[in-house]
Amino acid sequence: MSFIARALAGALLAWLVLSIAAVLTFRFVAPPFTAVMLQQTGAVGELEYVWVDRDEIAVSAARAVMAAEDQRFLEHHGIDFVSLDRALEDYRDGDGLRGASTITQQVAKNLFLWQGRSYFRKALEAYFALLLEVLWPKERILEVYLNVAEFGPGVFGVEAAAQQFFGGRAKGLSSTQAALLAAVLPNPQRLRAARPSAYVRGRQASIMAQMRLLDARGHYAGLDW
């Protein structure tokens, strides 16, 4: 084996070891910041980011983001090929191309990667998503997602959002409040929970309806929250 081949093999092995170690670490340790936070303008310390453990987050928040972002979260293994196929089929039928990223993929991107749409970044996102599904339980993935998702400009995590927008705590979020927070997730820089537009209110109502439907179907029964 040539020197270059050995160097490449060594670099790949080091990458695998480091990436697995990072994912395992954050299974048990609260991330002090994420890659997405580092890409914000200004210092990380100026961001609103408050970590809270799962028992300090209302179940309504977990149910709302699942209803809004990833209704097959408890069924897939990091990448939802069913939703992806549907998105591509809608695109072929003339609809706009919509995202099909799972909650797991969003955690992978927020924690470890940069913003962008390149095939290389998407491949890394898929790799980390699969690692997360293998090394973390679903509840941990959802706990981290709720803590690191951006709910407004510079507002990261459901605890900071609850304090900022409702003057309360994440543990006390009602279904209505949780649905409002989930409604801004597609674009928290433009969609505002503090001053919700008619579009955001419409999304909130739709999410609440989906939460009731999923609950009636027993969809949340597999979630230990």
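The values are calculated or read from the model by the stated rules, or taken from the named source; none is laboratory data. Note that the structure is a prediction, hence the values are computed from the model and not measured. All Cβ positions, even for glycine, are placed from backbone atoms using ideal geometry, and neighbour counts span all protein chains on display. For the accessible areas, the whole protein counts, side chains as well, though only heavy atoms, and no ligand, DNA or RNA atoms are used. Shrake-Rupley method; radii C 1.70, N 1.55, O 1.52, S 1.80 Å.
A few comments on the model shown:
- When the range 7-35 is filtered for residues that are within 17 Å of GLU159 (Cβ to Cβ), surrounded by 12 or more Cβ atoms within 10 Å (Cβ to Cβ) and not aromatic (Phe, Trp, Tyr), the ones remaining, listed by number, are ALA30, PRO31, THR34.
- Cross-chain or 6+ apart pairs with Cβ under 7 Å, the range 37-50 first and in a loop (DSSP other than H, G, I, E, B), then among the small types (Gly, Ala, Ser) and surrounded by 10 or more Cβ atoms within 10 Å (Cβ to Cβ): GLN40/GLY154; LEU47/GLY154; VAL50/GLY157; VAL50/ALA160
- Screening the candidates ALA183, ALA179, ALA160, ALA193 for the property of being touching a residue at least 60 places away in the same chain (Cβ under 8 Å), under 18 Å from the mean Cα position of the chain (by Cα) and farther than 19 Å from ASP70 by Cβ yields one hit, ALA160.
- Taken over the range 36-55, the criterion of being farther than 18 Å from PHE112 by Cα, loosely packed, with under 13 Cβ neighbours inside 10 Å and under 17 Å from the mean Cα position of the chain (by Cα) is satisfied by ASP53 alone.
- On the stretch given as the range 56-73, residues that are open to solvent by 50 Å² or more (accessible area, probe 1.4 Å) and touching a residue at least 60 places away in the same chain (Cβ under 8 Å) total 4.
Rundown of residues vs (1) in contact with a His (Cβ under 9 Å, 6 or more places away or on another chain); (2) closer than 29 Å to ALA22 by Cα, yes/no style:
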site	(1), (2)
VAL134	yes, yes
PHE151	no, yes
GLU159	no, yes
GLN164	no, no
ALA170	no, yes
ALA179	no, no
PRO196	no, no
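- In the range 137-186, residue nearest to HIS77 (Cα to Cα) [restricted to those that are modelled with pLDDT under 95 and open to solvent by 20 Å² or more (accessible area, probe 1.4 Å)]: PRO186
- Among the candidates ARG190, ARG195, residue that is open to solvent by 50 Å² or more (accessible area, probe 1.4 Å), of a type in the set (Lys, Arg), outside any helix (DSSP H, G or I) and over 18 Å from ALA149 (Cα atoms): ARG195
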